[in-house]
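Handing you a structure now.
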Amino acid sequence: MLDKFLSKLEDILHLAGCLALVAVAALINGDILLRLFANRPVQIQFELTELFLMPALATLSLSRVFRDGGHLALEFTAKDLPGLVGRVISLMRLMLPAAFFAAVTYMSGKFALEAISHGDVEYGVIDWPLGWAYAVVPLGCGVLVLRLLHDALIGRSVAAT
């Protein structure tokens, strides 16, 4: 049941990350075309892309890509080693990244909460609320931590994903 819920959450976040990529492409191409044919830029393109869309497309798909085995990995041992040593190595392959991404989640979440509570704003064509721009990083990394812990504790092999 937990795997089903986590998979659904990963799929939703992945869709949001993909939509962010489509929005980046549309905004950049729209800006180019408007500058070329109408001599008018899309005023919000740079700030929206930089503050909201790039972090979203970089982090929201992390867990889904890991689940599907689409991540880059540096393999220095065989995927399935027998016995206790193999299980320990398999567990460490999941727990070490989980610890790293837990730290990223904590620090980025703390940063986002501080920005939200202080009402930090990026002044530009629109006054962009920075806390909400920062919030996608702990969301994407936090779901990846849940996936890594789930896979480590359930005993699902990364090779099987």
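Please find, within region 28-43, the residue that is farthest from C18 (Cα to Cα) out of those that are open to solvent by less than 60 Å² (accessible area, probe 1.4 Å) and in contact with a helix residue (DSSP H, G or I) (Cβ under 8 Å, 6 or more places away or on another chain).
It comes out as P41.
Inside region 8-26, can you point out the residues that are in contact with a Lys or Arg (Cβ under 7 Å, 6 or more places away or on another chain) and either open to solvent by 50 Å² or more (accessible area, probe 1.4 Å) or of a type in the set (S, T, N, Q) (or both)?
Matches in region 8-26: D11 only.
May I pose another question? Only one of P55, P97 is touching a residue at least 60 places away in the same chain (Cβ under 8 Å), closer than 26 Å to D3 by Cα and in a helix (DSSP H, G or I). Can you tell me which?
The match here is P55.
Of all residues in region 105-121, how many are open to solvent by 50 Å² or more (accessible area, probe 1.4 Å) and in a helix (DSSP H, G or I)?
9
Given (1) assigned to a helix (DSSP H, G or I); (2) open to solvent by less than 90 Å² (accessible area, probe 1.4 Å), where does F46 come up short, assuming only one miss?
Looking at each condition in turn, F46 falls short on (2).
List every residue pair whose Cβ atoms sit under 7 Å apart, with the two residues 6 or more apart in sequence or on different chains, where the first one lies in region 72-87 and is open to solvent by 100 Å² or more (accessible area, probe 1.4 Å) and the second, anywhere, is of a type in the set (A, V, I, L, M) and at pLDDT below 65.
Pairs that qualify, where the first residue is open to solvent by 100 Å² or more (accessible area, probe 1.4 Å) and the partner is of a type in the set (A, V, I, L, M) and at pLDDT below 65, are K79/A159; D80/A159.
From the list V88, V125, pick out the single residue that is part of a loop (DSSP other than H, G, I, E, B) and at pLDDT 80 or above.
From the options V88, V125, the qualifying one is V125.
The values are calculated or read from the model by the stated rules, or taken from the named source; none is laboratory data. What you are looking at is a predicted structure, and each value in this text was computed from that prediction instead of being measured. Positions of Cβ are generated from backbone atoms using ideal geometry, with glycine treated the same way; all protein chains shown enter the neighbour counts. Calculation scope for accessible area: heavy atoms of the full protein, side chains included, ligands and nucleic acids excluded. Shrake-Rupley method; radii C 1.70, N 1.55, O 1.52, S 1.80 Å.
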